[in-house]
Amino acid sequence: NADIACHMAKAQGRNSTHIYSSQRDEKSAMDLELGWSNRLHSALDKDNFHLYYQPIVPLHELDLDNLPEDGNLSEILANSNCCSTYEVLIRMHNSHGEPISPNAFLPTAERFNMMRDIDSWVINSAMKQMAELGPENNDITFTINLSGQSLDPEILVPLFKKCMQKYNLAANRFLFEITEPCAINDMYSATKLIDELSKLGCRFALDDFGSGYCSFSHLKRLPVDYIKIDGMFVKDIVNDPMDMAIIRSIT
């Protein structure tokens, strides 16, 4: 209900508040959800999603004393060879061609059980675009996020194998990310999926570590290659001794 109230407030204009009332807002909330649902189905049918690629760069390969004042690293990265790994991000565009954050539409996609189709679209599109880079970029790796609805090895593994053959790509060029809460909610499927795709050569990262159950026992049960520590612990690591202790402990 709080989520719906936030959407209702945004629909009325920014800098406003809205108190949810089931009698008053139920139909409006349904219209809001169905509107997004129709847009998502249309984007899938018409291939209207867009992929963005965020570079993952080792800090030791950057000149930290000469970073741009505006915080934009794109020019530096474009003129260097330090980046070979990119995280694949999905976006929709509004009527003005501006990107829409996934926070605006992925919760609705999850509620309508559309994430499996969206994740399949991302995997196929990312592998297609990697193939278009040509053999001169064979060192590039993509990391792809998986939702909890997609952790079904009976569906995802055959899809990935089919795309590998279709685009003639090696599995070791892909790293899949699953969030800690999603993995724990379906430990059996997550473990089996990791095991089967790892045998093909893929790698796995446990995303948002620390935001959910944050048990070190999970690291023993989930055979992941990387841990992505949740940003809430990282952003104040320089000034907060508690965050520093937590990061050291996880590391």
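Which members of the stretch 1-21 meet the condition of being at pLDDT below 75 and either in contact with a Leu (Cβ under 6 Å, 6 or more places away or on another chain) or not hydrophobic (A, V, I, L, M, F, W, C) (or both)?
Hit for the stretch 1-21 is Arg14, nothing else.
Can you tell me which residue within the stretch 200-229, out of those that are acidic (Asp, Glu) and surrounded by 18 or more Cβ atoms within 10 Å (Cβ to Cβ), is farthest from Glu177 (Cα to Cα)?
Once the filter is applied, the top-ranked residue is Asp208.
Any residue that is touching a residue at least 40 places away in the same chain (Cβ under 8 Å), of a type outside the set (Val, Ile, Thr) and closer than 14 Å to Phe176 by Cα - is there at least one of those in the stretch 117-127?
yes
Identify, please: which residue in the stretch 95-105 is open to solvent by less than 50 Å² (accessible area, probe 1.4 Å) and not aromatic (Phe, Trp, Tyr) and is, among those, farthest from Arg203 (Cα to Cα)?
Gly97
Any residue at all in the stretch 43-62 that is open to solvent by less than 60 Å² (accessible area, probe 1.4 Å) and at pLDDT below 80?
Yes: one or more hits.
Looking at Lys128, Lys162 in this structure, which one is under 20 Å from Tyr52 (Cα atoms), more than 17 Å from the chain's Cα centre (by Cα) and not aliphatic (A, V, I, L, M)?
Lys128
Which ones in the stretch 230-251 are open to solvent by 60 Å² or more (accessible area, probe 1.4 Å) and in a loop (DSSP other than H, G, I, E, B)?
Within the stretch 230-251, Lys235, Asp236, Val238, Asn239, Thr251 qualify.
Kindly indicate which of Ser211, Ser198 is on the phi < 0 side of the Ramachandran plot and part of a helix (DSSP H, G or I).
Ser198 is the lone residue from the list that is on the phi < 0 side of the Ramachandran plot and part of a helix (DSSP H, G or I).
Got at least one residue in the stretch 238-248 being over 26 Å from Ile155 (Cα atoms), under 17 Å from the mean Cα position of the chain (by Cα) and not hydroxyl-bearing (Ser, Thr, Tyr)?
Checking the stretch 238-248: not a single residue is over 26 Å from Ile155 (Cα atoms), under 17 Å from the mean Cα position of the chain (by Cα) and not hydroxyl-bearing (Ser, Thr, Tyr).
Please go through the stretch 106-134 and give me each residue that is part of a loop (DSSP other than H, G, I, E, B), open to solvent by 10 Å² or more (accessible area, probe 1.4 Å) and among the aliphatic types (A, V, I, L, M), ordered by number.
Result: Leu133, single match.
Of all residues in the stretch 185-199, which are under 15 Å from Asp152 (Cα atoms) and open to solvent by 10 Å² or more (accessible area, probe 1.4 Å)?
Scanning the stretch 185-199 gives Asn185, Asp186, Met187, Tyr188, Ser189, Thr191, Lys192, Asp195, Glu196, Ser198.
Scan the stretch 185-213 and report the pairs whose first residue is under 25 Å from Thr251 (Cα atoms) and whose second residue is charged (D, E, K, R) and part of a helix (DSSP H, G or I), with Cβ atoms within less than 6 Å and a gap of 6+ or a chain change.
That search, which allows pairs on different chains as well, returns Leu206/Glu180; Asp208/Glu180; Phe209/Glu180; Gly212/Glu180.
Tell me which residues, restricted to the stretch 170-183, are buried (at least 18 other Cβ atoms within 10 Å of the Cβ) and either more than 12 Å from the chain's Cα centre (by Cα) or of a type outside the set (Val, Ile, Thr) (or both).
If the condition is that a residue be buried (at least 18 other Cβ atoms within 10 Å of the Cβ) and either more than 12 Å from the chain's Cα centre (by Cα) or of a type outside the set (Val, Ile, Thr) (or both), then Arg173, Phe174, Leu175, Phe176, Glu177, Glu180, Cys182, Ala183 are the ones that fit.
In the stretch 135-160, what residues are part of a loop (DSSP other than H, G, I, E, B) and more than 25 Å from Thr191 (Cα to Cα)?
Asn138, Asp139, Ile140
Inside the stretch 198-221, can you point out the residues that are in contact with a strand residue (DSSP E or B) (Cβ under 6 Å, 6 or more places away or on another chain) and within 22 Å of Lys161 (Cβ to Cβ)?
Within the stretch 198-221, Cys202, Arg203, Phe204, Ala205 qualify.
The values are calculated or read from the model by the stated rules, or taken from the named source; none is laboratory data. Predicted model, so just to flag it, every value in this text is computed and none were measured. So basically every Cβ, Gly included, is an ideal-geometry build from the backbone, and we count neighbours across all protein chains shown. With ligands, DNA and RNA removed, areas are computed over all heavy atoms of the protein, side chains included. Shrake-Rupley method; radii C 1.70, N 1.55, O 1.52, S 1.80 Å.
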